[in-house]
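Student: This is the structure, below, for whatever I ask next.
The values are calculated or read from the model by the stated rules, or taken from the named source; none is laboratory data. No experiment lies behind these values; they were computed from the predicted model shown. Reconstructed Cβ throughout: ideal geometry from the backbone, glycine too, with neighbour counts over all protein chains shown.
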């Protein structure tokens, strides 16, 4: 059975491991080979995510099975993109920063459970929409979110020069 907890420092090292696992996965599927793990990534990236969550009315939820961390989701209240305050009818929007499930634990409804928890939290604080950036070559992630009702709204494109 999946247990969902809000983050506390007892799980700090496990969260760092999950962030590294996600970065390793992104580096593996990055066709341009831009993504990598840099020195001190584990500590610095954890601090970045943790501080952004604190500053932006966010939460980190952890999924446990048999008292072991198997996944996490981090969500925040996001600022509107550049210029959107002039053209948007959505005054408050949530953002999923990270959704990570240990590779050997996937396919057990953990991601769906964590996503529902984050969406519920964001809805409870009056967010009207939630968005997430999905790495372009992460076809599995994109399919997962589309099955959950997310739609592609914008594209970010890149070119080597």
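Student: Look at residue 132 and say whether it is in contact (Cβ under 8 Å) with a residue 24 or more places away in the chain, closer than 20 Å to residue 101 by Cβ and in contact with a strand residue (DSSP E or B) (Cβ under 9 Å, 6 or more places away or on another chain). It would help to see each step written out before you state the result.
Tutor: On the way: in contact (Cβ under 8 Å) with a residue 24 or more places away in the chain: yes; closer than 20 Å to residue 101 by Cβ: yes; in contact with a strand residue (DSSP E or B) (Cβ under 9 Å, 6 or more places away or on another chain): yes.
Considered against the rule, which asks whether it is in contact (Cβ under 8 Å) with a residue 24 or more places away in the chain, closer than 20 Å to residue 101 by Cβ and in contact with a strand residue (DSSP E or B) (Cβ under 9 Å, 6 or more places away or on another chain), residue 132 comes out as yes.
Student: Further question: Somewhere in segment 75-88, is a residue outside any helix (DSSP H, G or I), modelled with pLDDT of 95 or more and within 22 Å of residue 23 (Cα to Cα)?
Tutor: Yes; the residues of segment 75-88 include at least one that is outside any helix (DSSP H, G or I), modelled with pLDDT of 95 or more and within 22 Å of residue 23 (Cα to Cα).
Student: Hey, another quick one. Go over the candidates 5, 19 one by one and state the one that is in contact with a helix residue (DSSP H, G or I) (Cβ under 7 Å, 6 or more places away or on another chain) and modelled with pLDDT of 90 or more.
Tutor: Result of the check over 5, 19: 19.
Student: Still on this structure, I have one more. For segment 119-150, name all the residues that are loosely packed, with under 10 Cβ neighbours inside 10 Å and either touching a helix residue (DSSP H, G or I) at 6+ places or on another chain (Cβ under 9 Å) or assigned to a helix (DSSP H, G or I) (or both).
Tutor: Step one: of segment 119-150, the residues loosely packed, with under 10 Cβ neighbours inside 10 Å are 124, 147, 149.
The answer is 124, 147.
Student: Which count do you get for residues in segment 98-118 that are assigned to a helix (DSSP H, G or I), out of contact with any strand residue (DSSP E or B) (no Cβ under 6 Å at 6 or more places or on another chain) and touching a residue at least 24 places away in the same chain (Cβ under 8 Å)?
Tutor: Residues flagged as assigned to a helix (DSSP H, G or I), out of contact with any strand residue (DSSP E or B) (no Cβ under 6 Å at 6 or more places or on another chain) and touching a residue at least 24 places away in the same chain (Cβ under 8 Å) within segment 98-118 amount to 3.
Student: Then there is this: Report every pair of residues separated by at least 6 positions or lying on different chains whose Cβ atoms are under 7 Å apart, first residue within segment 25-36 and without any contact (Cβ under 8 Å) to a residue 12 or more places away in the chain, second surrounded by 15 or more Cβ atoms within 10 Å (Cβ to Cβ).
Tutor: Short answer, once both residue conditions are applied: 27/35.
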